[in-house]
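Trainee: After the structure tokens below, expect a handful of questions from me.
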Amino acid sequence: MERLIIKLSTLILIVIAQGCYYDAENYLYPSNSACDSVKGVFSTEVKPLMDVSCKSCHSATAAATSGGAIILETYDQIKANNAKILSTINAATMPKGGAKLPVCDIRKIQRWFDNGMPNN
């Protein structure tokens with residue numbers, strides 16, 4: 001009987017220890033070092049991202065046919081469409097036909113918006 005209690009106690013401790021495995025900080029809060037220094041700078045973070053992710057449909061030449069007549073090439077155009085940009089990338093409806101933007105990229109755009117959309 002005593003052996004059974006010891007075996008059961010050991011088994012319970014193993015199960016509890018396994019359950020705590022995902023309580024480690026690195027599993028709960030994974031670090032994305034590329035995103036740790038997001039500053040919300042238009043010229044180095046937002047504009048390159050928009051060029052890569054949006055320009056194929058939202059350029060001056062493509063917007064009429066595939067971009068809903070929304071052009072996102074310049075600072076003024078991107079700033080003027082800020083609410084649409086943020087809502088569509090968060091809803092994963094843009095980029096059209098592609099996967100949702102990585103969280104880090106969305107953070108860069110969000111930080112720029114939160115900082116007042118400076119032309120920096």
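Trainee: Do we find that Pro118 is touching a helix residue (DSSP H, G or I) at 6+ places or on another chain (Cβ under 9 Å), closer than 23 Å to Cys35 by Cβ and modelled with pLDDT under 90 in this structure?
Mentor: So Pro118 does not fit the description; no.
Trainee: If you don't mind, another one. Which helices (runs of 4 or more DSSP H) sit wholly inside region 58-98 and have at least 3 residues that are surrounded by 13 or more Cβ atoms within 10 Å (Cβ to Cβ)?
Mentor: Output list reads 75-80, 82-90.
Trainee: Right, next: Can you find, within region 67-118, the residue that is nearest to Cys54 (Cα to Cα) among those that are of a type outside the set (A, V, I, L, M, F, W, C) and touching a Ser or Thr at 6+ places or on another chain (Cβ under 8 Å)?
Mentor: Pro95
Trainee: Output the qualifying pairs, or none if there are none: Cβ atoms under 6 angstrom, residues six or more apart or on different chains, first residue in region 55-73 and of a type outside the set (A, V, I, L, M, F, W, C), second residue assigned to a loop (DSSP other than H, G, I, E, B) and at pLDDT below 90.
Mentor: His58/Gly67
Trainee: I've got another one for you. Looking only at region 56-76, how many residues end up being in contact with a Lys or Arg (Cβ under 7 Å, 6 or more places away or on another chain) and polar (S, T, N, Q)?
Mentor: 0
Trainee: When you check Val46 against the structure, is it of a type in the set (A, V, I, L, M), under 23 Å from Asn119 (Cβ atoms) and out of contact with any helix residue (DSSP H, G or I) (no Cβ under 7 Å at 6 or more places or on another chain), yes or no?
Mentor: For Val46, the condition - of a type in the set (A, V, I, L, M), under 23 Å from Asn119 (Cβ atoms) and out of contact with any helix residue (DSSP H, G or I) (no Cβ under 7 Å at 6 or more places or on another chain) - is not met.
Trainee: Only one of (1) assigned to a loop (DSSP other than H, G, I, E, B); (2) surrounded by 10 or more Cβ atoms within 10 Å (Cβ to Cβ); (3) at pLDDT below 70 is not met by Gly40, so which one is it?
Mentor: With respect to (1) assigned to a loop (DSSP other than H, G, I, E, B); (2) surrounded by 10 or more Cβ atoms within 10 Å (Cβ to Cβ); (3) at pLDDT below 70, Gly40 is out only on (3).
The values are calculated or read from the model by the stated rules, or taken from the named source; none is laboratory data. All figures in this text were calculated on a predicted structure; none of them were measured in a lab. In this analysis, Cβ positions are derived from the backbone assuming ideal geometry, glycine residues included, and neighbour counts consider all displayed protein chains.
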